[in-house]
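Asker: Below you'll find the structure I mean.
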Amino acid sequence: MERINANFENYIGASEGISEMAYQMTAHVLTLGYAVMLAGLLYFVLTLKMVAPKYRMSNILSVVVMVSAFLLLYAQSNNWTSSFVLDQETGRYFIGSGADFFNNGYRYLNWLIDVPMLLFQILFVVTLTKSKFSSIRNWFWFSGAMMIITGYIGQYYEVSNLSYFFIWGAISTAFFFHVLYLMNKVIKEGKEGIPEKGKKILSGIWGLFLVSWFLYPGAYLMPHLLGIDGPLFSEAGIVGRQMTYTIADICSKVIYGVLLGNLAQVLSNAEGYTHKRTEETEAVYN
Ligand code: RET
C-alpha cells in the first residue's frame, strides 16, 4: 500500500493481515473500554449525594466525561470491527474492500472534551491558596486543547511522514509539560491546611495522573517505540496500543474521578457535612 496518511494498523491489515488472536484481543479491549465508562457513569451518578453540595461539580464533570467517552469509544470500537474483514482461507483479518480505514482519531476527539473536563474537575475539590482560579482554568483549557489538537494532526503522519509525526508530537509535548506543571502547582496548593488523609489522597492523585497521562504519548509512539518501523510496527504494536489507551483511559477518567470523590468526601466530613453512611463506606472513609 502506498504511504498515505493512514494509521499504521491499516498497513498491517493491508499486507500480512492480522491474526485471530490479535484481532480479537483488540476488539475485546476496545469493548472493555466503553463498558467501563458506562459502569463509571452509574457510579458517579449514584455517589453524587455522598459529598457536600459544593463538591458535587466534581461528580457532574465525571458524568460528562463518562458519557462522552462511552459514545466515542463505542464509535472507535465499531471502526475496528468494520475496517477489518476475515479472510476465511487464511484465517487472518485484512482491510475489507470498500471498508473505512481504521483511525485512532475518535479517541483524540474524545480527549478534546475530556481533558479540559478532567483538569477543571480538580479545581472544584481543592482550594487554591496562591493561584487564581480563572487563570489556572484558562491555561488548563488552552494548553490541554492545544496538546490534543497538535497530537491529532501528528498521528496522521505516523507512517507517511515521520518528520511531521515527530514535530507535531514535540509541539504537543511542550503543551503537555505545561499542563503537568500547572497540575503539580494545583496539587501542592491543595494540600495546604487539609486533613492528613486528604493530603495522602492528593499524593495518590498526582502519582496516578503522572503514570496514566504519560501512557498516551507512549501509545502515540507505539509503532516506532522499539525503533522506526521496528518490532512494534506489527500486530503486537496494534494490540499494545489499544491496551495502553484503554488502561490509560480507565485510570485517568474513572479511577481519578473516584479518588477525587473520596477526597471530596474527606473534606465534606471535615467541614461537618454528614451523609447517612453505611458501615462499608464508613470503613472506607474513616
Ligand atoms: C499526544 C501526542 C503526542 C505527544 C503527547 C500527547 C499527549 C496526550 C495526552 C492525552 C491525555 C488524554 C487524557 C484523556 C482522558 O480522557 C496527544 C498523544 C504528549 C497526555 C487524559
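Asker: Looking for something at pLDDT 95 or above and assigned to a helix (DSSP H, G or I) - is there at least one such residue anywhere in the range 90-98?
Answerer: No, there is no match, as no residue in the range 90-98 is at pLDDT 95 or above and assigned to a helix (DSSP H, G or I).
Asker: Give me the residue from the range 16-51 that is surrounded by 17 or more Cβ atoms within 10 Å (Cβ to Cβ) and outside any helix (DSSP H, G or I) and, out of that set, farthest from the chain's Cα centre (by Cα).
Answerer: Filtering first and then ranking leaves Gly17.
Asker: If you check every pair at least six apart or on different chains, which have Cβ atoms under 8 Å apart with a residue in the range 225-245 that is modelled with pLDDT under 95 first and a residue that is buried (at least 20 other Cβ atoms within 10 Å of the Cβ) second?
Answerer: From residues that are modelled with pLDDT under 95, the pairs are Asp229/Pro223.
Asker: Then there is this: Quick check on this structure: which one of Leu86, Leu118, Leu71 is more than 16 Å from Tyr256 (Cα to Cα), within 15 Å of the ligand (Cβ to nearest atom) and of a type in the set (A, V, I, L, M)?
Answerer: Leu71
Asker: Is the range 147-156 home to any residue that is hydroxyl-bearing (Ser, Thr, Tyr), surrounded by 21 or more Cβ atoms within 10 Å (Cβ to Cβ) and within 11 Å of the ligand (Cβ to nearest atom)?
Answerer: No.
Asker: Kindly indicate whether Ser77 is under 22 Å from Ile153 (Cα atoms), in contact (Cβ under 8 Å) with a residue 40 or more places away in the chain and among the small types (Gly, Ala, Ser).
Answerer: Yes; evaluated as a whole, the condition is true for this residue.
Asker: Let me ask something additional. Report yes if Gly257 is assigned to a helix (DSSP H, G or I), more than 11 Å from the ligand (Cβ to nearest atom) and buried (at least 20 other Cβ atoms within 10 Å of the Cβ), otherwise no.
Answerer: No, not satisfied.
Asker: What's the number of the only condition in (1) in contact (Cβ under 8 Å) with a residue 24 or more places away in the chain; (2) polar (S, T, N, Q); (3) out of contact with any Phe, Trp or Tyr (no Cβ under 9 Å at 6 or more places or on another chain) that Asn138 fails to meet?
Answerer: (1)
Asker: Any chance the range 80-94 includes a residue that's in contact with a Gly (Cβ under 6 Å, 6 or more places away or on another chain), buried (at least 18 other Cβ atoms within 10 Å of the Cβ) and more than 30 Å from Ala6 (Cα to Cα)?
Answerer: no
Asker: Check Tyr220, Tyr181, Tyr157 and return the single one that is of a type in the set (Ser, Thr, Tyr) and touching a Phe, Trp or Tyr at 6+ places or on another chain (Cβ under 7 Å). Give the derivation first.
Answerer: Values: Tyr220 fails: touching a Phe, Trp or Tyr at 6+ places or on another chain (Cβ under 7 Å); Tyr181 fails: touching a Phe, Trp or Tyr at 6+ places or on another chain (Cβ under 7 Å).
None of the others qualify; the one that does is Tyr157.
Asker: For the list (1) surrounded by fewer than 18 Cβ atoms within 10 Å (Cβ to Cβ); (2) more than 11 Å from the ligand (Cβ to nearest atom); (3) under 20 Å from Ile255 (Cα atoms), I need the number of the one condition that Gly190 fails.
Answerer: (1)
Asker: Let me ask something else. Which ranges mark the helices (runs of 4 or more DSSP H) fully within the range 101-195 that have 3 or more residues being at pLDDT 95 or above and within 19 Å of Val65 (Cα to Cα)?
Answerer: The qualifying helices (runs of 4 or more DSSP H) are 105-123, 133-155.
The values are calculated or read from the model by the stated rules, or taken from the named source; none is laboratory data. Just so it is clear, the model here is predicted, and its values are computed rather than measured. Reconstructed Cβ throughout: ideal geometry from the backbone, glycine too, with neighbour counts over all protein chains shown.
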